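The values are calculated or read from the model by the stated rules, or taken from the named source; none is laboratory data. Just so you know, these numbers come straight off a predicted model, no measurement behind them. Just so you know, the surface numbers come from the protein's heavy atoms only, side chains and all, with ligands and any DNA or RNA stripped out. Shrake-Rupley method; radii C 1.70, N 1.55, O 1.52, S 1.80 Å.
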Amino acid sequence: SRYPPPVWSALLIAGVPLRGGLRVGWRAIRWMIAREHHHPTEPHIYLETLATAHAHQGRGVGSSLLHDLCAEADRRRLPIILHTNAVANLAFYGRFGFVVFREARLPIGAQEWTLRRSPQPTSQERPHGTEQTRFWTLNWT
């Protein structure tokens, strides 16, 4: 699918913070607007979520998923963009070639880093018709 996601998808996501009340919902909406204002417009793969249940962390599950995503991005000759609010994630993603290209304090008070990984050389040619932005969500529970 493409980024940004369809409006109906964003409304479903926005419904979650609204359950916390109007104040929480308003802060979440301001956060989403602030994030999207600076989202890159170049064709790219967007990693929305990569989360591993605590009981499964440290077993290579997240690394395996990210390795596969990086290989796909390299094959398509597309960068990968992601956001994180956890400073500990910077080292994890750095092992895969991600670098911070934007740092910001969001309206909800959280620090956020936007990371980018450039495509790495590969022996395969980029297939035709893969120039659009991709929106991927990877979840492991």
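Couplings 3J(HN,Hα) for segment 45-51, derived from phi with the Karplus relation 6.51 cos²θ - 1.76 cosθ + 1.60 (θ = phi - 60°), are 9, 10, 8, 6, 9, 9, 9 Hz, where x marks Gly and Pro. 3J(HN,Hα) couplings calculated from phi for segment 84-99 with the Karplus curve 6.51 cos²θ - 1.76 cosθ + 1.60 (θ = phi - 60°) are, in sequence order, 9, 10, 10, 4, 5, 6, 4, 5, 4, 5, x, 4, 9, x, 7, 10 Hz; Gly and Pro show x. Annotation: extensible slack from E36 through H67 equals 8.6 nm (criterion: 0.36 nm per residue apart, minus Cα-Cα distance). Less than 5 angstrom separates the built amide H of Y46 from those of I81, R134, F135, W136, all sequence-distant by 5 or more or on a different chain.
Based on a Kirkwood Rh over C-alpha pairs, give the Stokes-Einstein translational diffusion coefficient of segment 47-113 at 37 °C and viscosity 0.692 mPa s in µm²/s. Write down the numbers at each step before the final one.
Numbers: Rh = 13.2 Å.
Once the numbers are plugged in, D ends up at 249 µm²/s.
Largest accessible area first, the residues H56, H38, H83 order themselves as H38, H56, H83 under a 1.4 Å probe with ligands, DNA and RNA left out.
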